[in-house]
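These notes are about the structure you will find just below.
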Amino acid sequence: MRPRLRRFLIGVGAACAAAAMALPPGAGAASPVTGVAGVKNLPTIDNYIVREAPAESLEMPLPELPDLKRFSLDAVMAKIDKKPAGHIRYQRLIETQELHEFTGKDGRIIEWASRQSSNPRVIVVDGGYMTPADLARALPPDHFEQTSKGVFVLRMPLIVARGATLHIDDSVREFRMSEERAAFLVNDGKLFITNTAVIGWREKENAPAKFRDGSRFRPFLLSWGGTETYIVGSKVNHLGYDASKSYGVSISQYSPGISKKMNRSHPTGWLIDSEFVDNWYAFYCYEADDIVIARNKYRDNIVYGIDPHDRSSRLIIAENEVTGTKKKHGIITSREVNDSWIFRNRVSGSGLSGIVLDRASIRNVIAENVVYGNSSDGITIYESGDNLLWGNQAVGNDRHGIRVRNSQGLKLYHNSAVSNGLSGIYGHIKDLTGTDRDMRVDPFEAKVSLVVVGGRLTNNKRGPVAIDRPLSLELYKVELLAPTSRDGLRIKGLIGELQPQVLDLLVRQQVPVVIEPAGKAKAEGT
């Protein structure tokens with residue numbers, strides 16, 4: 001019987017390297033293969049070479065991360081202009097420009113109208129600055145009421161018009177939006193929520209509108225193109241359902257036709273030092289710029305925690321704690337969310353992956369995050385090249401620590417993947433023909449290329465790394481430790497086919513390893 005010690009981590013040291021080099025040339029190599037089903041012209045194993053690369057070509061520092069100190073309550077308060085005073089007016093819901101995108105064929109306007117006893121209308125804040133106390137003085141209790149000190153109930157849709165400001169301030173203990181009366185808040189000007197709570201509310205139960213069914217209306221908050229939204233030191237809970245732009249907390253450009261007609265810039269805002277609980281989406285944005293999401297707690301939200309979407313740029317998502325996202329991912333960027341920073345977040349207990357970059361999200365820095373105990377991968381990169389992953393820790397996730405699909409030019413520096421259910425790092429290609437994946441390249445040209453420098457790949461159940469048919473793969477100073485098993489270190493995928501040569505350079509000689517198709521190396525003159 002093997003000693004018990006063999007069931008613990010087996011380091012890749014001199015013994016491993018020596019064992020690898022003792023193999024005769026070509027030992028352990030599989031028969032030539034044609035690659036992924038349906039993907040044409042992939043190199044076979046016989047067409048790859050392993051070579052040394054100059055170490056200086058792989059040296060790089062971590063780019064300077066944004067300073068979060070300037071995003072504070074004081075900085076938000078300095079943005080508020082309390083003059084002139086605003087006023088209230090009513091407008092028919094169907095004639096409200098800010099709600100044009102809700103009056104189509106999906107039937108929502110009929111549902112909302114059924115909850116008003118007269119021709120459906122909305123409350124509009126216009127002309128300047130107002131607070132909930134101002135609203136209570138101007139409106140009848142049937143529409144807006146202070147039910148006890150600091151507790152206000154909104155019983156109609158409320159619009160903040162262009163040029164107006166609504167400030168839900170610290171004199172408000174709770175700003176409740178009635179589910180029964182189809183109340184919601186749409187910002188087309190400036191919205192400030194500071195040191196308070198905004199809550200979806202069930203008046204019949206005198207209780208929060210906790211999630212029951214995604215198809216059932218719940219109050220929501222939406223800011224349109226050209227707006228500014230600031231949420232600081234507040235709770236925003238029990239909002240949103242499965243209907244476009246009604247997800248919970250959303251910051252979105254208008255649709256192209258309306259946006260062009262209205263000449264609205266991309267919306268922006270800060271969400272800082274706050275808590276978001278039990279929302280359909282805790283955050284969603286579309287064509288938004290320079291959004292800051294920092295130092296928040298996202299807990300038990302339904303579909304996504306943080307979900308920036310189409311053509312949003314220069315976002316900062318930092319130092320958030322995202323736990324217990326029920327259906328999908330803790331943090332995801334999708335469809336050209338570019339030039340952004342995702343750093344020092346802790347993401348755990350997600351229904352799928354912890355952090356995802358998806359659908360041509362490029363030039364992003366993903367740094368110093370801790371992703372653990374998620375039901376799929378720790379970090380997932382789908383069809384999104386030219387990103388930097390630096391100093392992240394992926395621990396105890398059900399599938400891969402870091403997964404890369406159909407993505408080129410990725411740099412993975414000093415990341416750790418420990419005790420994940422499959423591989424530490426897994427790279428693969430997939431033919432997406434016939435799917436809804438709107439890749440910007442021919443799916444038959446999908447490739448993976450990675451630079452992996454530093455970090456630890458430890459005790460992952462299917463081994464430290466598995467990469468199939470990359471355009472190129474560079475490895476340097478990576479600590480490879482095997483899972484607890486009798487097999488010792490087994491590298492999967494292409495690297496496994498070339499394991500003796502890889503371990504000789506990487507472990508014994510301690511030099512950078514490049515694995516690439518022979519034709520590519522020849523074309524570059526190496």
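The values are calculated or read from the model by the stated rules, or taken from the named source; none is laboratory data. This one's a predicted model, so the numbers in the text were calculated from it and none came from an experiment. Note that each Cβ is placed from the backbone with ideal geometry, even for glycine, and that neighbours are counted across all protein chains shown. These area figures cover heavy atoms from the full protein model, side chains too; ligands, DNA and RNA do not enter into them. Shrake-Rupley method; radii C 1.70, N 1.55, O 1.52, S 1.80 Å.
The mean of 1/r over all pairs of different alpha-carbon atoms in region 239-386, once inverted, gives a Kirkwood hydrodynamic radius of 14.9 Å.
Our summary of shape: the Cα atoms of region 220-299 have principal axis extents of 38, 26, 13 Å, ordered from largest down, in whole angstrom.
On a per residue basis, region 159-274 carries 32 Å² of accessible surface, using protein heavy atoms and a 1.4 Å probe. Dividing the radius of gyration of the alpha carbons in region 98-201 by their Kirkwood radius gives 0.96 for Rg/Rh.
Here region 53-92 has 54 percent of its accessible surface on carbon and sulfur atoms, given a 1.4 Å probe and all protein chains in place. A cut-off of 5 Å between modelled amide H atoms, ignoring neighbours fewer than 5 places along the same chain, links V125 with I159, V160, A161. The base-10 log of I(q)/I(0) for region 45-176, evaluated at q = 0.10, 0.14, 0.15 Å⁻¹, reads -0.51, -0.78, -0.87 [Debye formula, identical scatterers on Cα atoms, solvent excluded].
Compute the FRET efficiency between S171 and K326 as 1/(1 + (r/R0)^6), taking r as their Cβ-Cβ distance and R0 = 30 Å, and round to the nearest 0.05.
0.30
The value for region 334-461 of Rg(Cα) / (2.2 N^0.38 Å) is 0.97. In straight-distance terms, cross-link reach from K261 covers every one of the lysines whose alpha-carbon lies under 25 Å from its own, apart from those fewer than eight places away in the same chain; here that gives K105, K190, K245.
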